[in-house]
Every structure is written in C-alpha cells, then in structure tokens.
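Asker: Below is the structure I would like to discuss, written out as structure tokens.
Bear in mind that the values in this text are calculations on the coordinates, not laboratory data. Worth saying up front: this structure is predicted, and the values here are computed from it rather than measured. Backbone-built Cβ (ideal geometry, glycine too); neighbour counts: all protein chains shown.
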Amino acid sequence: MVLNGAQIVIACLEDLGVDTVFGFPGGAVIPLYDVLYDHQGNIKHYRTCHEQGAVHAADGYARSTGKVGVCFVTSGPGATNTITGLATAYLDSQPVVVISGQVATPLIGKDSFQEVDITSMTLTITKHCEMVRSIDQLESVLFRAFDIAMSGRPGPVLIDIPKDLMTQTISFNGIEAFKQRKRDKTETTGDANDLMANRVAQLFECANHPVILAGGGVIHSGAHEALYELATACNIPVANTLMGSGAFPQSHPLSLGLAGMHGSRAANQYLASADLVMVLGARLSDRVIGAPDQFCGSATIIHVENDENEIHKNKQVQVPVRSDIKTFLKRLNRLLINRVIFKDPEGSIKQKITRLEGDAMLSPMSLLKMIKDTYGDEAIVVTEVGQHQMWTAQAYGFDHVRSLITSGGLGTMGFGLGAAIGAKVGNPHRTVLHFAGDGSFKMNCNELGTVSKYQVPITTFIFNNKALGMVRQWQKLFNHSRYSETDGDDSVDFIKLADAYGIKGIRVTTVSELETALEWIKKEKQPVVVDCVLDHDENVFPIIPPGKGLSEIIEGSMISHES
C-alpha cells in the first residue's frame, strides 16, 4: 500500500490503537492535519489553546490511563512551546509522544521561517528525540517512538518530521512487520534476580523494624497488587513518595502516607528509625530524602528499580536490585508470604489526620474533607503545584493508582488544567477534579477555552489565598517574613473569567457555602470553576527544611503565626 508521509503518520497511530490526539495546527503540519480530516471517525483531535497545554493534556491522559499520550505541534514556536511539557513528563517518567512539524528539508539550517533545531533543544528532557531524515525511515521511527516511550522506564519522545516528507510517497508495511523485526533482534537473557530475591527475603526475615517506600515506579510497572499482597501478608508498613500516591491504599492501617519534605511525622519517623528499607521505583530525590547522609542512616537500604541509572545516583544503597518491580515483588512474595509477621511496636502505625475543623470559614483541610466526602474514592484528582498540592498529597487520601495526577519532579505551575482535560478525555466515566492555587491557575487559565469548546466536565477548585503561597511560606520560615513579590495578588476575578469562557463560576468563603455548591455541582454535567477563598497565612506543615534530615521536622505549632 503506497501512502504519503502524513498518511503514514496517521496509519501508524491507527495501527497502534491511538484514538486521541491533542495539538495545535500550523504551517509545517498542514499536510498532517489534511489527512487527519479524513480520519476524524477513528482519531479524535483536541485543539488546545497553547502547545504547552496540549503536551500537559497528553501527559494527563497518559498518567490517568497508562497509555501513550500523543501530541501534534508545528515547527518553530509550536515546537518550543512543548519544552516545559516534555520536561514535566520526563522527570515523572510519563509516556508522551510529540510529533512536531519541521521546515522542508532544503530549508533546514538556513534560519528559515519558523525553523528551530528542536531535537537538540529537547535532547536532555526526552527519553528519545529524532528528526526523520528520509521518507523510508518514517514508519520505523514512529513505531520505535511508541515502543521507547512505553518500554522499561517510560518517558516522552519527540519525533520531528520535515514538511516535504509528509507529501512524499512510499509503501506502508504496518505494525506487524515492525514487531517481527523487533522479535528477530531480541535475545533471550538469563535473569539473576532469583538469587537477589532470596537475599532480600533473608534480610526481611532478620529485620526488626522494616518499612517499604513506594514510588511512582510501582504504578508504572503495575506492581500495586503485588505490593499490597506483600505488605498485608507480612504486616510491613508502607510509606509513599508524592508520585507513589495510591500505590498502596492510604486508608489502610499499614499506610504511613506521604514521606519526605512535607510527609507525615509517622512516615518520616518510621523511615528514620527503620533497620530495613525497601525502596520501590523511587528516584530518592532531595524532596524525599533530605540530607543524603542522614537518610535512613541505621538501615540497610534495598533499592528496586528498572532504571539502573537511578540506583546510587542520590543515595548509596547496600542492596541494589535492577529489575522490573512487579516481576521482583512476585518473586519475593513466593518466598515471604505467610513466613514473616511483623508487629508494630508502637501499637498504631498511622497517625490519623483530623481534616475537618469546626471554624465556619474555609480552611484547606475542611475544603479537602468536604470534597472527598462528596466524591469518595473514585474521583481522579489533578493538581497544580504549590501549597494546595502538598495539602492534597497529605490529607486527601488516595486508595487507587492513577487517582492523583500531579507534577512531581519539575514542579510545573500551570500543569493542572491541561492535565485535567487529558485525564477526563481518557476517563470519560470518572469524575475529574482539578485543584489549583490562584498563582498556578493564572499561568495557563487560557485552557478554559479548551474546556468550554469541548464542554469537558471537570470541576476546578481554586485554593485562593491571593498569594504565591509556597514561596511566601518559605519566605516566612527562612527569610524572616520578607514577602518579596508573593503577597496581595487579587488582580483577577475568577468568576468573571469563567463567565467569559461560558463556564459557571461560584465563589465560596465558608463551609456552608461550599456544602451548597457541592450539592449543585454533583448534579450537573458541565465544567465549573469554584473560587475558594482561604487565609493567606495558612501554611503546609509539617515541613523538613531543605538539606536537613527526616528527623529535623518542623510542625506548625513551632512557628509564630504573626506575619
């Protein structure tokens, strides 16, 4: 079958089962969009308001479904606008494929209109990036891109296609030919992890105070059921990183909840006093371990990770295990199930969080509790970045994988609205809630246009403290309350903004107002923006100062509440 390059792109997507694409058209991808016009029944395209929003939407789609998120952009500024989204996906290991248009081959290297070397720009923030040099490479490059994005440790891939290749023709072979070539190149290798599993099992048998730290890799590898089986059968407490939220049910008595800079006292104290820590699919970044030399200093650390580059990168460990996490846990379960029973010496592992305060004015905890009570465990929660993100990770409670969608590694303000769109598109039958700080929301609130255009029924709750809250908190704690450019920002009426996009806006200041609003919202099937007015002096506690150990935790009671 002879196809042109643009037809090959669409044919590859259809062979791969892709039915959703986010993007924004432009000159270099006109041939691609021309072919897409004839395939609207198979592939639904969502045109966002900005290319950054398109990549965030593809990312949210990927995080919430476990499938590859796909994005089309044009050359030049279209491609450069993807950089923040690619970096966000890269640091959180999310499978996103961006297909960018490029100027025609004869114009490359001549500073042509809307020409940039996007592959050089994205080399360090993608798992793989490549410009297609000839039409005969196009099919294999595209199939390989999806394979790379999903295999091993997932990550984003960018494929740059010159415009003239989209109109050249060649025979299309299809995905089965690609799969056969891959099988021919695959070599069967032995697996040494059986011996390692035996060693780890012996360490658990001898431990007095073990703990598991679950990261995002548990979710990526589909290992959450194997983790649950191990922890519950052997009574091993489980803490989680931000990206590991939901990897183990946080309502379970064995859950210690969030660990690290804003983690619970229970989680951090348990890690600090453990004699054996098994880290599963976590990068052990500074936000989790604090001072590396003080992290679990009395413990033997087992680090199970399918990306060997992450082992020893931030913390030297005694037992490195390079393995798929699900495969390794299944091996370990066969060795440990019903053989080892650990007792919590404190009698109560998890410190319960009181999340609803009696004050009639809204607080972050009362807001989270009422939303959780309204929607239960089945909603997907998508956050921006800042105080509201940490309050959510601390107190909302996630019992299922892929229920918290948030930017961890890059900490991208403006991520949430696009990601919420992608999450809802990928999960049309699930409720999607978007939690935003007022500062983050302003960064990409233009995507309300996308929400309105496609009537994506997501509910946005703005945690509005009229400040850049997290930076302001750090200025309070570590810069003598010198609030430089973080305070007093009430320049936008979010209700009028929502109305400008044809979206219902509601402002709430008290618990009773929120209760009334939630009763109305739950009955509706339309997008809504809820402006939740909070005190700008509400801070996130506990907190471990940067560069300090897990035991050097600061509670809110230690800090003066005077500004």
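Asker: Suppose we keep just the alpha-carbon trace of region 462-563; what are its Rg and Dmax in angstrom?
Answerer: Gyration radius and largest Cα-Cα distance of region 462-563: 17.3, 50 Å.
Asker: What fraction of the DSSP beta bridges in the chain is antiparallel, stated in percent and rounded to the nearest 5? Provide the component values of the computation, followed by the final result.
Answerer: Numbers: 6 of 69 bridges.
DSSP beta bridges in the chain are roughly 10 percent antiparallel.
Asker: Using 5 Å bins from zero, what percent of all Cα-Cα pairs in region 2-185 falls into each bin?
Answerer: Over region 2-185, the share of Cα pairs per 5 Å bin runs 1, 9, 19, 23, 23, 16, 8, 2, 0 percent.
Asker: Let me ask something additional. For the chain, what is the charge dipole size about the Cα centre, in debye to the nearest 20, if Lys and Arg each add +1 at the Cβ and Asp and Glu each add -1 at the Cβ? Kindly include the intermediate steps, with their values, before the conclusion.
Answerer: Working: 49 positive and 61 negative charges, 187 e Å.
In total the dipole reaches around 900 debye.
Asker: Among 92-100, 250-258, 497-505, how do they line up from the highest to the lowest mean number of other beta-carbon atoms within 10 Å?
Answerer: Numbers: 92-100: 27.9, 250-258: 20.1, 497-505: 17.0.
So the order, starting with the most tightly packed, is 92-100, 250-258, 497-505.
Asker: Towards the positive end of the charge dipole of the chain, with charges on Cβ (+1 Lys, Arg; -1 Asp, Glu), say which of M370, I161, C12 has the farthest Cα.
Answerer: The listed residue farthest towards the positive side: C12.
Asker: State, to one decimal in nm, how far the label point of E308 lies from the label point of D399, with both points 7 Å from Cα in the Cβ direction.
Answerer: With each label point 7 Å from Cα toward Cβ, the separation is 4.1 nm.
Asker: Here's a follow-up. Could you list, in their original order, any pairs among K424/K525; K453/K504; K315/K548; K442/K466; K313/K476 whose Cα atoms are separated by more than 21 Å?
Answerer: Values: K424/K525 12 Å; K453/K504 14 Å; K315/K548 15 Å; K442/K466 11 Å; K313/K476 32 Å.
Over 21 Å apart, Cα to Cα: K313/K476.
Asker: Among C49, C12, which comes first, second and so on when ranked by fewest other beta-carbon atoms within 10 Å?
Answerer: C49, C12
Asker: If the reach is capped at under 13 angstrom between alpha carbons, list the aspartates and glutamates near K44, excluding any in the same chain fewer than eight residues apart.
Answerer: Straight-line reach from K44, under 13 Å: E14, D19.
Asker: Once you treat every alpha carbon in the chain as an equal point and sum by Debye, what is log10 I(q)/I(0) at q = 0.12 Å⁻¹?
Answerer: Rounded to two decimals, the profile gives -1.19.
Asker: With each run of n ≥ 4 DSSP H residues scored as -39500 (n - 2.57), what mean residue ellipticity at 222 nm is computed for the chain after dividing by its residue count and rounding to the nearest 500 deg cm²/dmol? List each step's numbers first, then the result.
Answerer: Numbers: 22 runs with 207 residues, N = 563.
-10500 deg cm²/dmol, from helical runs alone.
Asker: Follow-up question, since we're still on this one. Find which of F415, T392, L227 sits farthest along the positive direction of the dipole of the chain, computed with +1 on the beta-carbon of Lys and Arg, -1 on that of Asp and Glu, about the Cα centre.
Answerer: Value computed over the given set: L227.
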